[in-house]
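The values are calculated or read from the model by the stated rules, or taken from the named source; none is laboratory data. Quantities reported herein were computed from a predicted structural model and do not represent experimental measurements. Positions of Cβ are generated from backbone atoms using ideal geometry, with glycine treated the same way; all protein chains shown enter the neighbour counts. Accessible surface is based on the protein model in full, side chains and every heavy atom, while ligands, DNA and RNA are left aside. Shrake-Rupley method; radii C 1.70, N 1.55, O 1.52, S 1.80 Å.
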Amino acid sequence: MATIKDFSALKSLRKDLKAQEEARLAAERERRENEQRLRAEANIFRNSIGQVAPLRQSDKAVLTPPPPLPIARQHLADEQAALMESLSDEFTFDTLLDSDETLSFARPGVGSDVLSKLRRGHWVIQSQLDLHGLRRDQAREALGEFLRQARRQGQRCVRIIHGKGHGSVNKEPVLKQKVRNWLAQKEEVMAFCQARPAEGGSGALVVLLKSSSTASATS
């Protein structure tokens, strides 16, 4: 330890040591006071509740949460499989009739006037499905579900937007022909044609669905 050569430094050291000791004593005093306060509070709590005894094990009720509702996973899987099978990518228009150079379609037995009315906007478009950005399998599933919902709601005329292919690889409209092939496989689809320019033109189809009533398609 270095020798303290002047009394002023010695005085300062004594002052620091005294301050440290006072701080230690104050901390110790505060600790004791806190312990006394906690003991007093504990005594007050024990005196207020009186004598206690643990519950007997036999008095405890064992609550079992209700089991979750069963999910018909196999039924859902079967529906999904049926949907995938019902819309085949191997299907082509050549196996059906009544297609023209614009790839319009009318199911056998549907008069040519139906397609003419459809092209002129005779039926009001009641809902639409936009397939932009979807992969092939996603688009196929979305189309099947959309048609089911439309039928449940009694809709007759809907629009399917498949896009013109400007954002796809090689600028080819990948979904354009796929959507036509899928639609032709659905029995509820009576006819479809390319949308009018104001309704999407070559990037969309207007689809006529079977009526849920016995009314004629040409009514």
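Classify segment 105-194 as rounded, prolate or oblate from the Cα gyration tensor: take a ≥ b ≥ c as the square roots of its eigenvalues, call it rounded if a/c is under 1.5, otherwise prolate when a/b beats b/c and oblate if not. Prolate shape, in that a/c is at least 1.5 and a/b is the bigger ratio. When K176, K210, K186, K11 are compared by accessible area of protein heavy atoms, the largest-first order is K11, K210, K176, K186, using a 1.4 Å probe.
For the peptides 21-29, 130-138, 188-196, residues were scored by their other Cβ atoms within 10 Å and the scores averaged per peptide; the highest-first order is 188-196, 130-138, 21-29. The amide H of R196, built 1.01 Å from its N in the peptide plane, has G201 as neighbours under 5 Å, considering only residues 5 or more places off or on other chains.
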